[in-house]
1. With a ≥ b ≥ c taken as the square roots of the eigenvalues of the C-alpha gyration tensor of region 2-173, please select rounded if a/c is under 1.5 and otherwise prolate if a/b is larger than b/c or oblate if it is not?
2. How large is the charge dipole for the chain, taken about the Cα centre, if only the Cβ atoms of Lys, Arg (+1) and Asp, Glu (-1) carry charge, to the nearest 20 debye?
3. Once R0 is set to 30 Å, what does the formula 1/(1 + (r/R0)^6) return for the Cβ-Cβ distance between residue 197 and residue 131, expressed as a FRET efficiency to the nearest 0.05?
4. Holding the Cα-Cα limit at 31 Å, pick out from 265/392; 58/184; 143/194; 251/381; 157/251 the pairs that are longer than that.
5. Using a simple spin-label model with points 7 Å from Cα along the Cα→Cβ vector, what separation in nm is obtained for residue 41 and residue 381?
6. Among 22-33, 344-355, 62-73, 379-390, how do they line up from the highest to the lowest mean number of other beta-carbon atoms within 10 Å?
7. Add -39500 (n - 2.57) for each DSSP H run of 4 or more in the chain, then divide by its residues: what number comes out at 222 nm, to the nearest 500 deg cm²/dmol?
8. Can you pull the Rg over Rh of region 240-295, Cα-only, Kirkwood?
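Each value in this text was obtained by applying a stated rule to the coordinates, not by laboratory testing. Fair warning: this is a prediction, and the values are worked out from it, not measured in the lab. Backbone-built Cβ (ideal geometry, glycine too); neighbour counts: all protein chains shown.
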Amino acid sequence: MRVEIITVGDEVISGHIVDTNAAFLAHTAFSLGAEVTRVVSVGDEVEVIAGALREAMKRADLVLVTGGLGPTPDDLTPQAAADALDRGLILHSGYLETIKEKFRRWNLKFTPSDERQAFVPEGAEPLPNPIGLCGFKLEEEGKSIFFFPGVPRELAKIVERSLLPFLREKMQGGKEIVRASLLKVFGPTEAGVKEFLQGIEGDFELAYLPSFPEIRLRLVVRGADDEEVEARHQRYEGKISERLGIYLFGKGDEVMEGVVGRLLKEKGATISVAESCTGGLVAHRITEIPGSSDYFLQGVVVYSNQAKEKLLGVPHSTLERFGPVSRETAELMAKGVREQSRTTLGIATTGIVGPTGGTPKTPVGRVFIAIAAEDMIEIKKYDFFGDRHQVKLMTSEVALDRVRRYLMGHSSRSAGE
């Protein structure tokens, strides 16, 4: 199945917002074995949107459009779709009642301009949108077009309820059987991953998808027989996983913080965090996982020396002698937060994330990460590169990876060492 994606909005083509919707839709389609052949962004002009739709329909089996739905004058996608397919734009009575009911439920005043959202091209099928109002689907000469709102949260919900079932049915019902999986790697570079996998050959597709600070691998196996394709997919995935070893931390939708949370639960362990250079990012990532209160007890951001002294008991003499970015300070931070919260593990981060603040002795990117347990304390020095955001993100990733490796009983050797 050939898929094209169109994102609509002046805010996208002007660079005022980053187009995450296209990436999300492409990932969704690709994960089920569909072939995404083109991604196009257009502004809020009826003729331009209509033209993009006509062109996409010539090439693709499925077109996914996001943006330009809503009650405002610049929401022109429905009219453009009607023009592109030579259909009338009509008021969908069922769609209108659904919108009014949501306004009543949300205690919102329904205005004449809100009725605009119920105007869709003839033959349109509204899509369930549990947290919003917009979205519809059209069929044209055996091809399908999905129209999604531009709000990422709404898009994700509609995709889950409508697009995913559609794709699964279409991909399973076709002549070609497709099995795809996403493998997530942290530690080696892309070149390093390729070296690990050198010599693994066969009838499969393997795409390298760098997503800083991780490397993601998309494995796709195709064929005509369901059992044979499944067996081949499992075989190749097993070979790749074996080669990658500890560097392979997750599959599919798994994220590093989720893997760490699962391991903490399995071990009956708890964790606390003391952060300086990461400013709470490690704690934020841990608590993004539902149920994290079972194992995450405390997080403190000790950005200043005074905070390190007052909240964690780091002696003034240590800070004066060794500095806040030092092995000694990181050790006392990890021990201090663990003792205060009485957790199984205590994690600490301290460093210079830049772009200023570095010195010849302690350059920008210098970070110390410490992990403390009852019977051990381990502190490691890293020299990360990149901008401020990248250094903070890499620090948080390494800190979580260190916890993952500790809980798995592996060496803590990780990225940056």
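1. Since a/c stays below 1.5, the shape of region 2-173 is classed as rounded.
2. In total the dipole reaches around 1560 debye.
3. 0.15
4. 58/184; 143/194
5. Here the modelled spin labels are 4.2 nm apart.
6. Answer by packing, highest mean first, reads 344-355, 62-73, 22-33, 379-390.
7. Estimated from H runs of four or more residues: -12000 deg cm²/dmol.
8. Across region 240-295, the Cα-based Rg/Rh ratio is 1.03.
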